[in-house]
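Here's the structure, in structure tokens; my notes come after.
The values are calculated or read from the model by the stated rules, or taken from the named source; none is laboratory data. None of these values were measured; they are calculated from a predicted model. For accessibility, only protein heavy atoms count, side chains too; no ligands or nucleic acids. Shrake-Rupley method; radii C 1.70, N 1.55, O 1.52, S 1.80 Å.
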Amino acid sequence: MRAVTYQFCTVRNVSPFQARKANAILEGRGMQIGNFERVDWHLNQGDLKGNQFEIVVRNLKRVSIRVPVCRAVGTNGRDNYIKEEIFQPCDETHIDEMVQRIRKSGFINYYGEQRV
């Protein structure tokens, strides 16, 4: 999985020449900086009003569980069905259902507070 992200930031005591030179190192690590502009202020916590995201999803798959007819009797005397995960293409109906679920219930932010 990959993402292309953009982040606005300010740096102190770094010339545009030095920032451009840093690209030689960053590009080898899959990053790039650009759109330099000299400003008379610096960015502080709380200065940004919010984040905006544009998410592009390609080759989306969903997991379905298949329970075969064969079974094994477990040590506890109960039947243990062997389950298999199968990746299937998502159809438009399934995607619409998931979008409605998120609109209704939201989703968990596993990343927590990002600007402490």
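A few comments on the model shown:
- Carbon plus sulfur fraction of accessible area for the range 1-64, probe 1.4 Å, in percent: 50
- Of all aspartates and glutamates in the structure, those lying under 16 Å Cα to Cα from residue 61, and not within fewer than 8 positions of it along the same chain, are 84, 85, 91, 92, 96, 97.
- Once backbone amide H atoms are built at 1.01 Å from N, residue 62 has 88, 90 as its partners under 5 Å, excluding neighbours fewer than 5 places away on the same chain.
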